[in-house]
1. Cut-off under 16 Å on the C-alpha distance; same-chain residues fewer than 8 positions from Lys111 excluded. Which aspartates and glutamates are left, in chain and number order?
2. Write down the accessible area per residue of the chain in Å², having rolled a 1.4 Å probe over the full set of protein chains.
3. Taking amide hydrogens as modeled 1.01 Å from N in the peptide plane, which residues meet the under 5 Å criterion relative to Val38, leaving out close sequence neighbours?
4. State whether region 45-88 is rounded, prolate or oblate according to the following rule on the C-alpha gyration tensor (a ≥ b ≥ c being the square roots of its eigenvalues): a/c under 1.5 gives rounded; otherwise a/b larger than b/c gives prolate, and the remaining case gives oblate.
5. Relative to the longest principal Cα axis of the chain, at what angle does helix 51-63 sit, 0 to 90 degrees, rounded to 10?
6. For Cα pairs less than 8 Å apart in space and 6+ apart in sequence, what is the mean separation divided by the residue count of region 18-120, i.e. the relative contact order in percent?
7. If you work out semi-axes √(5λ) of the Cα gyration tensor in Å from the coordinates, which of (i) 21, 18, 13; (ii) 29, 18, 13; (iii) 43, 19, 12 do you get?
8. In degrees, nearest 10, range 0 to 90: what is the angle between the Cα axis of helix 24-33 and the longest Cα principal axis of the chain?
Amino acid sequence: MEHVGYVQSGTGHLDATFAALADPTRRAILARLASGEVTVNELAEPFAMSQPAVSKHLKVLERAGLIARGRDAQRRPCRLQPEPLKTVADWVAHYEHFWTESFDRLDAYLKTLQPEKEQK
């Protein structure tokens, strides 16, 4: 499907980021990692799911570039990679500008209707 007037450069990464962010468990994992690096076991503690289930979520986040996993002897630390979130923020900012302008126009239009309402 061709999108007229739509820049598609890098949309694969954006799609992967949005897909990863669609799950509340993955968002909770990212929120935890925003406080600093932790191990996989520490990430799994608050969730009522198995370690393999948490690992599957981590793989999705890793494929989207949202986290990086390391290996330090027996530890497997995870850390947040904020770059994809910046891409999402930039994408949303474009639409925020659009909605702000739309609401400003609506507000201006509604103000033109107020004198008519007061006369009735």
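1. Cross-link targets: Glu101.
2. Details: 8820 Å² over 120 residues.
Heavy-atom SASA per residue in the chain reads 74 Å².
3. When sequence neighbours closer than 5 places are left aside, the close amide H contacts are Cys78.
4. On the way: a/c = 2.37, a/b = 1.38, b/c = 1.72.
Oblate, since a/c reaches 1.5 and b/c is not below a/b.
5. Helix 51-63 sits roughly 60 degrees off the main axis of the chain.
6. 24
7. (iii)
8. 70
The values are calculated or read from the model by the stated rules, or taken from the named source; none is laboratory data. Source: prediction; values computed, not measured. Here the Cβ is made from the backbone with ideal geometry for all residues, glycine too, and neighbour counts use every protein chain on show. For accessibility, only protein heavy atoms count, side chains too; no ligands or nucleic acids. Shrake-Rupley method; radii C 1.70, N 1.55, O 1.52, S 1.80 Å.
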